1. Condition check: closer than 26 Å to LEU24 by Cβ, open to solvent by 30 Å² or more (accessible area, probe 1.4 Å) and modelled with pLDDT of 90 or more. Does ILE42 satisfy that?
2. Taking HIS7 as meeting all but one of (1) touching a helix residue (DSSP H, G or I) at 6+ places or on another chain (Cβ under 7 Å); (2) within 18 Å of VAL140 (Cα to Cα); (3) modelled with pLDDT under 90; (4) open to solvent by 50 Å² or more (accessible area, probe 1.4 Å), write down the number of the exception.
3. Looking at the range 116-132, which of its residues are assigned to a loop (DSSP other than H, G, I, E, B) and exposed (fewer than 15 other Cβ atoms within 10 Å of the Cβ)?
4. Quick one: is SER159 without any contact (Cβ under 8 Å) to a residue 12 or more places away in the chain, assigned to a helix (DSSP H, G or I) and among the hydroxyl-bearing types (Ser, Thr, Tyr)?
5. Restricting to the range 45-73, name every residue that is among the hydrophobic types (A, V, I, L, M, F, W, C) and either more than 15 Å from the chain's Cα centre (by Cα) or modelled with pLDDT of 90 or more (or both).
6. Taking the options LEU101, LEU84, name whichever one is open to solvent by 70 Å² or more (accessible area, probe 1.4 Å), modelled with pLDDT of 80 or more, of a type in the set (A, V, I, L, M, F, W, C) and touching a Ser or Thr at 6+ places or on another chain (Cβ under 7 Å).
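The values are calculated or read from the model by the stated rules, or taken from the named source; none is laboratory data. Treat the numbers as computed from the prediction; the structure is a model and nothing was measured. Note that we place each Cβ from the backbone using ideal geometry, even for glycine, and neighbour counts take in every protein chain shown. SASA here: full protein model, heavy atoms, side chains in, ligands and nucleic acids out. Shrake-Rupley method; radii C 1.70, N 1.55, O 1.52, S 1.80 Å.
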Amino acid sequence: MNSTRPHTRSLLAAIAAVVAADQLSKAVVLATLEPGQPLYLIGDWFRFYLLFNSGAAFSMGENLTPVFTAIQLFFGIGITIVILRGKVSRIFGRPDAIAGLGLALIAGGALGNVIDRLFRAPGFFVGHVVDFISVGSFAVFNLADSAITIGVALIVLRSIMEAK
């Protein structure tokens, strides 16, 4: 890595941190919670509720697990390659910390969930994602999903700022 890519290491570290936090949180939840048994943290509004999701967001597309696995692999690996090659500035026109962080969060979240899809039951490439964060009546999600959502929000915010 040369001086033309000063943020490459930071972005790769962000990807690794998201993957590590996601997988560690899932390991703790799997070791401490039983599926379907909520752990109430703030009344019944915020709780941990372990479930296994074969679909995408909101458990949509439960029969399309291999498709979601392929998409997550594509985004996770693709964004990592873009960062490694120092191409983030070419995508957004100039070096951009906000856009770079957004991409790193998306890649880390995608890779965190794809690890589940590759290595969890029921089998390779069709594994179910561990979800456990439950807020109000919203869908149950995990840290990887949160990272993807925040990453997309940063990219949208950056695009809006660029358009002005």
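1. Yes; evaluated as a whole, the condition is true for this residue.
2. Here HIS7 clears every test but (2).
3. Of the range 116-132, the ones assigned to a loop (DSSP other than H, G, I, E, B) are 120-128.
Those that are assigned to a loop (DSSP other than H, G, I, E, B) and exposed (fewer than 15 other Cβ atoms within 10 Å of the Cβ): ALA121, PRO122, GLY123, PHE124, PHE125.
4. yes
5. TRP45, PHE46, PHE48, LEU50, LEU51, PHE52, MET60, LEU64, VAL67, ALA70, ILE71, LEU73
6. Details: LEU101 fails: touching a Ser or Thr at 6+ places or on another chain (Cβ under 7 Å).
Checking each option against the conditions leaves just LEU84.
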